[in-house]
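Where a number appears in this text, it was derived from the coordinates with a stated rule and is not lab data. Quantities reported herein were computed from a predicted structural model and do not represent experimental measurements. For neighbour counting, all protein chains shown are included, and Cβ atoms are generated from backbone atoms with ideal geometry for every residue, glycine included.
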Amino acid sequence: MGIFLFNIGFLPVSFWDVIDILIVTYLLYQLYKLLKGNFAINIIIGVVMLYMIWWLVNELNMSLLAAVLDQFVSVGVIILIIIFQPEVRRFLLVLGNTTLRQRSNFVGRLLDRNVGKTAERDNQLLAIKSALLRMARKKTGALMIFTHDMSLEGVISSGVNLDAQISEPLIESIFNKESPLHDGAMLIAKNRIQMASCVLPVSESTEIPKSAGLRHRAAVGITERAKVAAFIVSEETGNISFAYEGVLHRKIEEARLTELLQLHYD
């Protein structure tokens, strides 16, 4: 029995009822973010319509059609898990990564490890920013992913392990058109260049402009599936773009680029 708060008509509302509603609302919001702009929303609508028809035929005692629909409804949850396996995986990764990062930040504050900016971090940020701006001026295509401490195993395919120090010349040499590693994404985590030439999942979102290239769709695709930040340099226009949580922001100016790097760099 929860702590009574108030009545809505004849319906009593307790403290735990409010918590229950807030949790369900949060889960529905996360589900909406996963499916927004995705073809999967059409499948959800189809499933809802199927359940409505199933309820209706049962109410009308249409036994033959009800028996057929019962077979679909009885395995509906399993079918949905199979269809939405990538989305379910991403949802669990987001929840788990958020919890772990909050715990890590809390422990870091206790140990006084995350207080202030070190000269090393400032130098790394400057190197990344300078490399992005220089590649933008030269119209050198590039895709950088800030992965923090999150494992992307099972999300990315292939890639070359580097575990190298961050420097402007190294970043530019990797994305140089003559480099064998230029075609793919660079993964930066734990203040180092972990991998290069990584193949990322491509987004199917209908909200991405048609003028966006494969790098932009790959950037959106990885941010749809994992809590990472992506920076893109267009080979055609030289514009810098940014992707986060499945949303693409284009034509990022230098001042805004500095803010985003400070915010999302580990």
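Descriptive notes on the structure:
- Peptides ranked, highest mean first, by Cβ atoms within 10 Å: ranges 214-227, 249-262, 118-131: 214-227, 118-131, 249-262
- If only the Cβ of Lys and Arg carry +1 and only the Cβ of Asp and Glu carry -1, the dipole of the range 119-264 around its Cα centre is close to 280 debye.
- Note on Ser211 and Glu245: the extension gain reaches 10.2 nm, defined as 0.36 nm multiplied by sequence separation minus the Cα-Cα distance.
- Sorting Phe231, Phe146 by the number of Cβ atoms found within 10 Å of their own Cβ, with the fewest placed first, yields Phe146, Phe231.
- Length gained on full extension, Gln71 to Lys139, computed as 0.36 nm times the residue gap minus the Cα-Cα distance: 18.9 nm.
- Scoring 240-247, 56-63, 132-139 by mean Cβ neighbours within 10 Å over their residues and listing the highest first yields 240-247, 132-139, 56-63.
- Full extension of the chain segment joining Leu126 with Val47 gains 23.5 nm, where the gain is 0.36 nm per residue of separation less the Cα-Cα distance.
- 26 Å Cα-Cα threshold exceeded, pairs from Lys138/Lys251; Lys138/Lys190; Lys139/Lys227: Lys138/Lys190; Lys139/Lys227
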